[in-house]
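Chemist: Supplied in structure tokens, the structure appears directly below.
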Amino acid sequence: LSRRHYAEQVLAGPALANPRATREFLRARLRDRGYEVFCCLFLDNRHRVIAFDEVFRGTIDGASVHPREVVKLALSR
């Protein structure tokens, strides 16, 4: 419920135009994860969220990130 609350607040409010708004958005999306993730946050030119995708999952030691997969995802968006 808290994730939905924060997400609705961001969607109903202004764009992610400052670090605080971005931090609140990411905290709402990532706070319950028990593992390391590599995510992509896609914004338009007015800093509005287009998409937020979890791309890779890992452990406390790290996550394996493949740049070609990130590029594929960005091009599809």
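Chemist: Using θ = phi - 60° and the Karplus form 6.51 cos²θ - 1.76 cosθ + 1.60, what ³J(HN,Hα) does each residue of region 29-38 get, whole Hz, x for Gly and Pro?
Modeler: 7, 10, 5, 9, 6, x, 8, 7, 9, 10
Chemist: Would you kindly calculate the mean projected area, averaged across all directions, of the convex hull enclosing the Cα atoms of region 13-77, in square nanometres? Don't skip to the end; give the middle numbers.
Modeler: Numbers: hull surface 20.1 nm².
Value for region 13-77: 5.0 nm².
Chemist: So, one more: If I stretch the segment between Phe52 and Arg68 completely, what's the gain in nm (0.36 nm per residue apart, minus their alpha carbon distance), one decimal? All intermediate terms of the calculation are to be shown ahead of the outcome.
Modeler: Values: separation 16, 0.36 × 16 = 5.76 nm, distance 1.77 nm.
Answer, rounded to one decimal: 4.0 nm.
Chemist: Check Cys39: other-chain or 5+ apart residues with amide H under 5 Å from its amide H, H built from backbone geometry?
Modeler: Val55
Chemist: Among residues other than Arg33 whose Cβ falls under 12 Å from its Cβ, what is the net charge (Lys/Arg +1, Asp/Glu -1)? Could you put the intermediate results ahead of the total?
Modeler: Numbers: positive: Arg3, Arg27, Arg29, Arg31, Arg57; negative: Asp32, Glu36, Glu54.
Net local charge, Arg33 excluded: +2.
The numbers here are math on the coordinates, done by the rules we state, and not lab data. These numbers come from a predicted model, not from an experiment. Cβ sites come from the backbone with ideal geometry, for glycine too, and all protein chains shown count toward neighbours.
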